Amino acid sequence: VAEFNEDLAIFEVAAAELQDLLQQQQRRADVVERRAAETVHGRERLVDARSRAASALAEQLRGRTLTPTVSHFLERHWQHHLVQVLLRDGEGSERHQRVLALATDLVEVDEAAARGGDAGIADRVLALHDGLVECLSSSGLDEQVASEWMAGLARTLAFPDVPREQPSLPSAPEPDED
């Protein structure tokens, strides 16, 4: 514009450059807005998945007396894995049903071990192996640690007189405050 010498074309060029800059800024603002909306939606999905997992865990634990090993597994590893499955596959998916069945089966095996005299406990634990390892892996444990955990579970369930406790029921997760 400083070079204006009765040539109006310079204003057209300046207006076009300004328009390009404004469009570029608008695209950036749109991207930021979309990312913010996706972040909020993602957090809402995570809170919902955690709440659903806590409810499923409470349902599994309600009125049960379990070994600390099984109780700890359900509270830490299984619940975490269930949250991941809910986020990735959704409620009602085949994988979701398998994870819920795993908890039910594990609790039943623990209760059968508490009664003692069931020679099929070892076979039932072995049948759960793949699902248990998948849960442990979802929590970041490698296969070696998962195998060690499985051996510990087998030792725990081998003795019907192992102390059992009634785990506290999980509460609904609090939304993150950022």
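As I understand it, the value is the acute angle between the Cα axis of helix 129-138 and the longest principal axis of the Cα atoms of the chain; what does it come to in degrees, rounded to 10?
The answer is roughly 40 degrees.
Given a 1.4 Å probe, how much area per residue of the chain is accessible, in Å²?
Roughly 64 Å² per residue, with all protein chains present.
So I have (1) 16.0; (2) 10.8; (3) 8.0, and one of them is mean projected area of the Cα convex hull in nm² calculated from this model. Which one is it?
Correct label is (1).
I need the phi-derived Karplus couplings for the stretch 64-70: 6.51 cos²θ - 1.76 cosθ + 1.60, θ = phi - 60°, integer Hz, Gly and Pro marked x.
Along the stretch 64-70, the couplings run 9, 10, 10, 5, x, 4, 5 Hz.
At residue 20 and residue 159, where each label point lies 7 Å from the Cα along Cα→Cβ, what is the point-to-point distance in nanometres?
7.8 nm
As I understand it, the dipole of the chain uses +1 on the Cβ of Lys and Arg and -1 on the Cβ of Asp and Glu, about the Cα centre. Which of 133, 157, 22 lies farthest toward its positive end?
With unit charges placed on the Cβ atoms, the residue in question is 157.
Please give the charge dipole size of the stretch 67-167, origin at the Cα centre, charges +1 on K and R Cβ atoms and -1 on D and E Cβ atoms. Round to the nearest 20 debye.
About 100 debye.
Based on the mean of other beta carbon atoms within 10 Å per residue, what is the order of 9-18, 73-82, most packed first?
The packing order, highest mean first, is 73-82, 9-18.
For the pair residue 37 and residue 126, how long in nm is the line joining their label points, each one 7 Å along Cα→Cβ?
Label at residue 37, label at residue 126, 5.5 nm between them.
State the percentage of accessible surface on the stretch 27-72 attributable to carbon and sulfur atoms; use a 1.4 Å probe and exclude ligands, DNA and RNA. Write down the numbers at each step before the final one.
On the way: 1460 of 2960 Å².
Reported share for carbon and sulfur atoms: 49 percent.
The values are calculated or read from the model by the stated rules, or taken from the named source; none is laboratory data. Model, not experiment: these values are computed from the prediction. Using ideal geometry, Cβ is built from the backbone for each residue, glycine included, and neighbour counts are taken over all protein chains shown. The area values use the complete protein model at the heavy-atom level, side chains included, leaving out ligands, DNA and RNA. Shrake-Rupley method; radii C 1.70, N 1.55, O 1.52, S 1.80 Å.
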